[in-house]
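Here is the structure we will look at, set down as structure tokens.
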Amino acid sequence: MDKNEFFRQATLQICCDLDIEKALFSTLQFLRQIMPVDWISLQLYEKDLKAMRTIAIATLKEAKSVNLLTSLSTETQQQIERKIRLKSRNIKCQKVNHKTEKLYKNWFHFHGIKATSFMVLALESNEGYIGSVGLVSQSENLFHQKHFNLICLLKEPFMIAMSNTLRYREIAELKELLKDDNKYLYKEIRQLTGDDIIGANFGLKDVMEKVRRVAALDSPVLLLGETGVGKDVIANAIHNSSLRKNEPFIKINCGAIPESLIDSELFGYEKGAFTGAIKTNRGRFERANNGTIFLDEIGDLPLQSQVRLLRVLQDREIERLGGNKTIKLDIRIIAATNRNLEEMIRTNQFREDLWFRLNIFPIQISPLRERKSDIPALLQYFISKKVKELKLPNIPKLTPGAIDSLINYDWPGNVRELENIVERALILNTDNLSFNHLKRTTEQKNIIISNQDEVLETLDVVTSRYIERTLTITKGKINGKNGAAEILGINPNTLRNRMKKLGIVYGRKSK
């Protein structure tokens, strides 16, 4: 074999794998056809530590990646530094005897090598000497000058392999650190949000029983309930109790994304799919692969996107906008809504076939007014939480009758309203918490002002009628010029939220 062919064949073996131990093993098998090599190692010189670090070893029996640090004596350190200055780092084929330098005797002893002959090839980068390749013969056959001349041809390939290995290991270490950081942050988030669901043993007992039944399965789950009852908390509980708990949990509020962007957010897009698409972007479904996606406010999903979601449910596959490549998914879907999907089906606002797919395992979450037994526990939880968030010096006391005021209230905003009321009370009074204003509100709401001539309507009824009248005039249009929001003088999103609270069905097809 001539030198060119030797270089080509050896380089293929040295650079054949990012796992340097596998590459060294292949190289060893190739070199044994030409020279009596039984052992190869790759060493990294740690100048600051005054040590030599072995990072990979290949023998006739095995190859392994290692991280062995060989401490160097002051004398040995000086020898190496002298070799570096004199650029005499290459050790030509030497026979091991009493004249062998102490450095190499220590090296053989450290690794338990019974060497008869050895060669050392120095590796250098632009920054200077960084390490070496050691080749050892343990047989009666010794290395010769022709062997060393061939090994010198491989300095650059070994240098590339060393550099790639160091960078690859650095990336792997950073990846492991990132995993540890993610696990730590995940634990911190769970501590902040609370692992336990308040009411799991009382008002939400039936809900949690359903969660336990469905969590381990991959069936879609549909969470139903008013705004603020805690549908997102139940979705978290399903994911955290499932076999996918260590995989992504991606949340998306379908009502918070403009209709023109919903498809690109959910399904992603290819570079050049539209103006401004300067690079390929993965959608929420791809990011949730192997995990769970939570589609909140599913009733606000446009009909066109409902068709694509149906395909995900049926075939577990998507296509990015502007692309034709089918992307397979392994995903669990949890959807939630505070709207009446069956009524929306009758008004052609929601696809019936999609509803059938989502409605496999519905879970109805009761409003807070129907599970008032949970209020004391929720109150204590929110007080502790808000005291930490507001950095208050101590936990205030409840005044007599405070809990009764909460229990007697109807809670149109459910658990979210309770949380907000607790925060407001803590801001107003950090010593004693009282909720007497709720009692007055309840009493006023229950008073029916009437006489022989008239019965006064509630503000909600009047507001609903006025909004519906405005929508009739605009033919269901909410946004833009001459839309209902412009006529009423409020933000379109504010109007939608108020309509949801009042139970007003909206959209061009709602008239």
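The values are calculated or read from the model by the stated rules, or taken from the named source; none is laboratory data. Keep in mind the model is a prediction, meaning the values are calculated, not measured. FYI the Cβ positions are ideal-geometry reconstructions off the backbone, even for glycines, and counts take in every protein chain you see.
One table, with the values for the structure above:
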{"quantity": "Single unsatisfied condition, Thr116 versus (1) over 21 Å from Ile130 (Cβ atoms); (2) free of Cβ contacts under 8 Å to residues at least 40 places away in the same chain; (3) surrounded by fewer than 16 Cβ atoms within 10 Å (Cβ to Cβ)", "calculated": "(3)"}
{"quantity": "Residue in the stretch 342-365 that is among the hydroxyl-bearing types (Ser, Thr, Tyr), at negative phi and surrounded by 14 or more Cβ atoms within 10 Å (Cβ to Cβ) present", "calculated": "no"}
{"quantity": "Test: Gly483 is at pLDDT 80 or above and closer than 30 Å to Ile375 by Cβ", "calculated": "no"}
{"quantity": "Where a residue in the stretch 27-53 is of a type in the set (Phe, Trp, Tyr) and its partner, wherever it lies, is in a loop (DSSP other than H, G, I, E, B), with Cβ under 7 Å and at least six apart", "calculated": "Trp39/Ile113; Trp39/Gln138"}
{"quantity": "Contacts under 8 angstrom Cβ, first residue in the stretch 159-179 being part of a helix (DSSP H, G or I) and modelled with pLDDT under 85, partner surrounded by fewer than 15 Cβ atoms within 10 Å (Cβ to Cβ) and polar (S, T, N, Q), 6 or more apart", "calculated": "Ser163/Ser125"}
{"quantity": "Residue match in the stretch 369-386 (condition: surrounded by fewer than 14 Cβ atoms within 10 Å (Cβ to Cβ) and within 30 Å of Lys271 (Cα to Cα))", "calculated": "no"}
{"quantity": "Single residue of the stretch 420-435 satisfying the filter (free of Cβ contacts under 8 Å to residues at least 40 places away in the same chain and surrounded by 15 or more Cβ atoms within 10 Å (Cβ to Cβ)) that is farthest from Glu226 (Cα to Cα)", "calculated": "Thr430"}
{"quantity": "Residue list for the stretch 18-38, filter: basic (Lys, Arg) and assigned to a loop (DSSP other than H, G, I, E, B)", "calculated": "Arg32"}
{"quantity": "Meets criteria (small (Gly, Ala, Ser), closer than 30 Å to Gln364 by Cβ and under 23 Å from the mean Cα position of the chain (by Cα)) for Ser219", "calculated": "yes"}
{"quantity": "Some residue of the stretch 241-252 being modelled with pLDDT under 90, under 21 Å from Glu419 (Cβ atoms) and surrounded by fewer than 17 Cβ atoms within 10 Å (Cβ to Cβ)", "calculated": "no"}
{"quantity": "Among (1) within 31 Å of the chain's Cα centre (by Cα); (2) without any contact (Cβ under 8 Å) to a residue 24 or more places away in the chain - the single one Leu390 does not satisfy", "calculated": "(2)"}
{"quantity": "Among residues of the stretch 460-481, those that are more than 14 Å from Asn497 (Cα to Cα) and of a type in the set (A, V, I, L, M), counted", "calculated": "4"}
{"quantity": "Residue that is within 19 Å of the chain's Cα centre (by Cα), surrounded by 19 or more Cβ atoms within 10 Å (Cβ to Cβ) and of a type outside the set (Gly, Ala, Ser), where the choices are Ile238, Ile298", "calculated": "Ile238"}
{"quantity": "Residue match in the stretch 205-215 (condition: outside any helix (DSSP H, G or I) and at pLDDT 85 or above)", "calculated": "yes"}
{"quantity": "Candidate set from the stretch 1-17 (those that are in a helix (DSSP H, G or I) and charged (D, E, K, R)); member that is nearest to Ile160 (Cα to Cα)", "calculated": "Arg8"}
{"quantity": "Residue ID - modelled with the lowest pLDDT, chosen from residues in the stretch 323-339 that are crowded, with 17+ Cβ neighbours inside 10 Å and charged (D, E, K, R)", "calculated": "Arg339"}
{"quantity": "Among the candidates Gly268, Gly272, Gly276, Gly283, residue that is touching a Ser or Thr at 6+ places or on another chain (Cβ under 8 Å) and on the phi > 0 side of the Ramachandran plot", "calculated": "Gly268"}
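Residue-by-condition table, conditions (1) exposed (fewer than 14 other Cβ atoms within 10 Å of the Cβ); (2) closer than 16 Å to Val120 by Cβ; (3) more than 42 Å from the chain's Cα centre (by Cα):
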| residue | (1), (2), (3) |
| --- | --- |
| Ile20 | no, no, no |
| Ser26 | no, no, no |
| Met52 | no, yes, no |
| Thr59 | no, no, no |
| Glu75 | yes, no, yes |
| His98 | yes, no, yes |
